[in-house]
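The structure appears right after this line, and notes come after that.
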Amino acid sequence: MMHQGWQETLDADGGAMVRIENIFAVEREAGNSRRDFLRGMLGAGAFVLGVSVMPEQLFAAAAGGAGGDPFPPSEKAPLQPSVYLAIGTDGTTYVIAHRSEMGNGVRTSLPRIVAEELDADWARVQVVQATGDEKYGDQDTDGSHSVTSFFVPLREAGATARLMLVRAAAQQWGVPATECSTERHQVIHQASGKNLGYGELATAASKLEVPKKEELKLKPRSEWRYIGKPAVSYDLKDLCSGKAKYGQDTHMAGMLYASVAHPPVLGSTVKSLDDSATLAVSGVKQTATIDTFKPPVLYQALGGVAVLADNTWAAFQGKKKLKIEWESSAHNVFNSDPYKKELQETARKPGKVVREVGDVDAAFAKGGKTVEAEYYAPLLAHAAMEPPAALAVYKDGKVEVWAPSQSPVGARDAIAAAVGAKKEDVTVHVTLLGGAFGRKSFPDFAVEAAVLSKKTGKPVKVVWSREDDIQFDTYHSVSAMYMKAALADDGKPTAWLQRTVFPPIGSTFKAGEMYSDAGELGLGFSDLPFAIPNHRSENGPATAHVRIGWLRSVANIYHAFAIQSFEDELARAAGKDPVEYALELLGPDRIIPKSELPKDYSNYGGSYEQYPIDTARFKRVVETAAEKSGWAKTRPGNGAGMGIALHRSFLTYVASVVQMHIDDAGRVHVDRVDSALDAGTVVNPAMVTNQFEGAAVMGTSVAFYGAITATNGVIDQSNFDTYPVARMNTAPREVHVHIVPSDAPPGGVGEPGLPAFAPALCNAIFAATGKRIRELPLSKAGLA
């Protein structure tokens, strides 16, 4: 796949370009191994601005990770005015990564924010993964808000340390601190020519009072060295050399491997069990029952029967030989086809009004051209590259867990509840995540490991197979949507009605919940940005028969699919170019008044004063995507087409143009994707490009193949033969990412690249063939 990205990459400090094949020749000034880290932490007089017990401790001391001796906790450091960084006397700077790394780049972007304000030498920065602990603030790595939420706090952490170092140097030289400045890991007194390295000042700085926030002076944009500059992943070398540690890589001497036979239907319990054949499998040590959750599901384990063995293969083979009779569940009635009809029928009826502007009914009553359409998107599985896995040790009422968790505090609390431990007696160490997309916000697999360790008295590593992963996922919700609009003589809508019906994520946390909350409805539905005088949004009830969870961009997927497909339908009905029509719908440049939005509109957790819906920013991404894709120069037809879609999610504005063609066998091929985005202030453009390139590939998977179905409550799909994902021959041939320059506060980048893809592709298919796609995936229509 070709891409408009970083054909070359940067050296360690963000300076000269080097070829990617030479990246491993770019060595850090400070060692990058665990041993080097431990030496630095054990060095005398470490100046610590908050550091947690490090997850390397288990790997080094007990789990067989790359070596090093245990080291003292941060409480022994002389100063802790912040929790995000530490500076040793050798000058090594340790930045605490309190969010989870799953290819999203947070272990690079967040530390570089700290390094920016510290004026640190990036080559002397070592990133340390935090355990789950409230002291770091929100650690839920979801919702694309890592940078959004921590841009200012991390800048302030770096600036705090920088000011303390400056003051320490000024005291030593007997000069005013205002005469001192910093430059790449040292404090300088220009008048005398003196300079001192950060390591030389660490001990003295640790004895100073921590500055108040109002004393800090953040660097102006013009002086930024790291923020806004492309940088490769901090973990790139380990990732490419096989040294990176994921949940599946955890190991501890004497541990048991566990594979769990989960209830095939949500909520089922074990009626009878015959494990004799299982116990005869070589390597199998025992079986153990895990109680089925009591509603609501929350973060509990699903339940079932675990097979514990001295290797994964034995555990898997033993599970196949279990003879389990399951009690019936209320969810045995779940069959996808009748359920689909149920949702569609609900969407055709009036629902709960969540937003209304003007008088929609009166506008429709005036007559005129009316357009109606229905859209449907099925359940989706996450299918991350790394299936869930976790290692747990229960001993004397305390638990330590190593897991690829997106929510280590949530995992800690769920584990504590499951084993009857105090929260403070549970430690969750976060490994790298081999993909997650929201699935690993749910810690059920880690809960299983902790429960089994308590039952067996041994360390237990739970390993899910791909079949487990797909059949017992926390699924992305299915949705039926109904759309209706009345058009004036100029083709613009005078009335717009939209309904969405889907089992909400809230059903996982509140038994029987059938309506969506403001958070889900605010994901591309109740925040319609168009200048339509009369519009109404409604939500209908839906029963959940499986666990519903978060998947990359969440409800934005089906809301964007319906709304942006319908917008294209209206453009065609009005006889207008889709790009021109989109700009007309947005109307004059304006900030949509908060009063026009639902009172409980959540705005992705962002302040509306800071992050209002701005139609001018929408227009810029539409115009950029159209220009860069060559929209005006391309004429669709003869099996080739272009489509456009625009969407705001996670405080970021996106427009995507997809170009495709259909081959002689009637199959769709994506030739080119142009995505323009305005994410406000961008910390690392290289990571943004990576995220949007990945979103184009994931969007292809969702649009072409994504569909989870059930028969009598049992999920039909089990592996990539029945739940395929895009491969090299179906992935987009080219992906071009265009970042619109902006000084606005930072928005999210991990998820916003996904919602616009499917409608842009389906609009392109219409342009090429005249066939309108209103149901995903394309494979259902024989197009993939």
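The values are calculated or read from the model by the stated rules, or taken from the named source; none is laboratory data. Every value quoted in this text rests on a predicted model; they were computed, and no experiment measured them. In this analysis, Cβ positions are derived from the backbone assuming ideal geometry, glycine residues included, and neighbour counts consider all displayed protein chains. Note: accessible area is taken over every heavy atom of the protein model, side chains too, but ligands, DNA and RNA are not part of it. Shrake-Rupley method; radii C 1.70, N 1.55, O 1.52, S 1.80 Å.
The figures follow:
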item: Listed candidates (1) 36; (2) 28; (3) 24 - label of the one calculated as percent of Cα pairs over 47 Å apart; result: (3)
item: Calculated from backbone phi, Karplus (6.51, -1.76, 1.60) coupling profile of segment 421-427 in Hz, x at Gly/Pro; result: 9, 6, 4, 5, 9, 10, 10
item: By average C-beta atoms within 10 angstrom, highest first, the peptides 713-725, 428-440; result: 428-440, 713-725
item: Where the chain is the region considered: accessible area per residue in Å², 1.4 Å probe; result: 37 Å²
item: Alpha-carbon centroid distance for the pair segment 155-189 / segment 468-515, whole angstrom; result: 54 Å
item: FRET efficiency estimate (nearest 0.05) - Cβ-Cβ, Ala744 to Asp396, R0 56 angstrom; result: 0.60
item: Cα gyration tensor category, rounded, prolate or oblate, for segment 711-777 with a/c compared to 1.5; result: prolate
item: Distance (nanometres) between label positions extended 7 Å along Cα→Cβ at Lys243 and Lys207; result: 3.7 nm
item: Span-like helix ranges in the chain, DSSP H, alpha carbon extent 30 angstrom or more, Kyte mean at least 0.0; result: 146-173
item: Spatially close lysines, pair count over segment 161-271: Cα under 29 Å, gap of eight or more or interchain; result: 14
item: Protection-proxy order for peptides 332-345, 506-519, each taking the mean of Cβ atoms within 10 Å per residue, highest first; result: 506-519, 332-345
item: Per-peptide average of other Cβ atoms within 10 Å, ordering 365-371, 639-645, 179-185, 94-100 highest first; result: 94-100, 639-645, 179-185, 365-371
item: Nitroxide proxy distance, nm - points 7 Å out along Cα→Cβ at Ala616 and Asn638; result: 4.3 nm
item: Whole-angstrom gap from segment 361-386 to segment 280-352, using each part's C-alpha centre; result: 31 Å
item: Mean separation of Cα contacts under 8 Å, 6 or more apart, over the residue count of the chain: relative contact order %; result: 14 percent
item: Separation between Cα centres of segment 408-456 and segment 569-597, rounded to whole Å; result: 46 Å
item: Segment Asp716-Tyr608, length gained on full extension (0.36 nm per residue, minus Cα span); result: 34.6 nm
item: Charge-dipole axis of segment 116-232 as Lys and Arg at +1 and Asp and Glu at -1 on Cβ define it, positive-most pick from His185, Gln172, Thr141; result: Gln172
item: Whether segment 552-605 is rounded, prolate or oblate, judged on the alpha carbon gyration tensor where a/c under 1.5 counts as rounded; result: oblate
item: Protein accessible area in the chain, 1.4 Å probe - carbon and sulfur %; result: 50 percent
item: Relative contact order, percent, segment 578-733 [alpha-carbon distance under 8 Å, six or more residues apart]; result: 17 percent
